[in-house]
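What follows draws every value from the coordinates through simple rules; no lab data is involved. Just so it is clear, the model here is predicted, and its values are computed rather than measured. Ideal geometry is used to build each Cβ from the backbone, glycine not excepted, and the neighbour counts take in all protein chains shown.
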């Protein structure tokens with residue numbers, strides 16, 4: 001593909017922005033797009049071993065598909081993926097697959113190898129461009145394409161899969177696989193920090209290289225997970241050798257910086273710090289990507305949710321969380337509904353069918369629609385990372401909203417947090433269970449935080465948001481939570497010990513066991529005053 005001049009790239013982006021604005025305003029196109037996607041995917045699955053076993057035929061309608069094909073998890077697909085990695089054909093998707101994205105979801109998850117077929121790469125390229133055009137449509141112009149785009153992702157180096165000869169296959173971060181297949185125009189005119197730096201696995205070394213390379217560039221967009229974006233901003237301010245390095249924020253270093261793309265975790269705990277670090281006029285733009293597919297992107301104000309990307313090649317289904325039971329997943333296929341069957345205010349487990357060979361795949365994410373026309377949703381947590389050791393059924397979003405509300409009321413800044421169950425024990429005389437909050441706040445606040453006072457406020461916030469938790473608290477099934485205020489660096493130390501420091505790694509916000517909390521306890525010094 002020839003490399004376009006930057007002026008033509010910017011002109012093309014302006015025309016694409018105008019088309020995107022018209023498309024986003026067009027009513028009732030999402031369900032039609034999903035039906036078209038379904039019709040395109042079904043014949044491909046009919047040509048695979050997995051599809052044939054499930055009874056998929058090329059002209060299968062949705063009702064038959066819903067009744068015949070079971071919902072599945074990664075663990076159920078893992079044997080088939082192992083065959084694909086050895087070069088066997090037509091297993092989950094027609095042909096062979098040479099690339100596998102390594103993903104664990106959070107630092108506490110098991111490693112998954114997600115097939116990335118040629119059709120899946122086309123999906124990511126289209127969805128990535130569409131998500132950026134959603135931003136330019138909101139902004140009303142394509143000026144962000146005049147500068148360079150800095151992506152703070154994982155290492156892009158790929159590792160060959162051993163013992164599969166003569167077949168050749170590779171594993172690595174999705175960002176690395178995408179970088180190898182990046183259009184030349186994007187690589188030449190937009191992509192930073194460049195392929196050489198992007199492949200560096202050592203996080204401090206990569207940061208230093210990014211600082212050195214980008215300090216003199218015209219950066220108009222930066223993308224990454226919020227916690228790592230803050231680390232980047234600090235490194236840029238401290239490590240740049242020019243006078244601009246002492247600027248209060250990164251707009252002082254990069255005057256044309258206008259867009260900050262974030263995703264992966266809720267923004268609220270980091271928003272004020274990001275605003276101070278990047279600049280007062282930087283626009284936040286939220287996206288919802290996963291290694292299994294690009295789900296949604298912001299097309300309106302933050303309170304209106306993220307628009308489901310219905311035209312990028314994925315077919316979406318939604319299983320009401322009230323029906324979700326991992327032990328009975330194979331029987332729950334008829335309970336899942338397509339886009340036209342969703343309702344606002346209901347929590348759903350997200351189900352994907354993709355051109356990467358995942359058929360009715362339960363992603364593990366829980367979403368809630370805030371509107372159906374157009375389809376906009378919010379991420380509310382993980383099916384496996386709910387906190388329900390005592391039947392309270394608390395989700396990640398409720399915990400995040402509660403701790404953010406308490407912190408904002410006192411002017412505190414959250415660095416990191418995790419919530420775990422603290423079980424009753426005769427050794428301490430504790431007769432009822434409770435929640436244990438591990439919280440790291442940024443030092444130097446005007447009002448000194450006190451753990452016991454925070455516990456009372458967090459308790460009140462969570463009771464206001466979750467009826468089951470309120471019933472357990474008022475009925476005597478749960479005691480008042482306890483708050484552990486940890487010293488700076490405890491969460492960083494824990495993540496480093498897990499080998500998950502930097503890039504796209506995310507801290508699990510809650511678990512119904514103490515797998516994370518007990519690890520934090522080994523490195524923490526805390527104050528219960």
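Below are the figures for this structure:
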{"item": "Where Rh is the Kirkwood radius over Cα pairs, Rg/Rh for the stretch 148-258", "result": "1.05"}
{"item": "Span from the the stretch 154-170 Cα centroid across to the the stretch 289-307 one, whole angstrom", "result": "31 Å"}
{"item": "Angstrom value of the Kirkwood radius, inverse mean 1/r, which spans all Cα pairs in the chain", "result": "24.5 Å"}
{"item": "Order of 261, 225, 197 - criterion: other Cβ atoms within 10 Å of each residue's Cβ, fewest first", "result": "197, 225, 261"}
{"item": "Relative contact order (%) - the stretch 396-527, alpha-carbon pairs under 8 angstrom, separation at least six", "result": "31 percent"}
{"item": "Extension reserve of the residue 464-residue 450 stretch, reckoned as 0.36 nm per residue once the Cα distance is removed", "result": "2.9 nm"}
{"item": "Calculated P(r) of the stretch 217-374 - Cα pairs past 22 Å, %", "result": "52 percent"}
{"item": "Mean ellipticity per residue at 222 nm, deg cm²/dmol - from DSSP H runs of n ≥ 4 across the chain, formula -39500 (n - 2.57)", "result": "-11000 deg cm²/dmol"}
{"item": "Mean Cβ neighbour count within 10 Å, used as a protection proxy, ranking 86-96, 131-141 highest first", "result": "131-141, 86-96"}
{"item": "Calculated diffusion of the stretch 396-527, Stokes-Einstein form, Kirkwood radius summed over Cα pairs, 37 °C and 0.692 mPa s, µm²/s", "result": "213 µm²/s"}
{"item": "For the chain: relative contact order, % (alpha-carbon pairs under 8 angstrom, 6 or more apart)", "result": "14 percent"}
{"item": "Taking the stretch 1-120 and dividing mean pair separation by its residue count, relative contact order in percent (alpha carbons under 8 Å, at least six apart)", "result": "16 percent"}
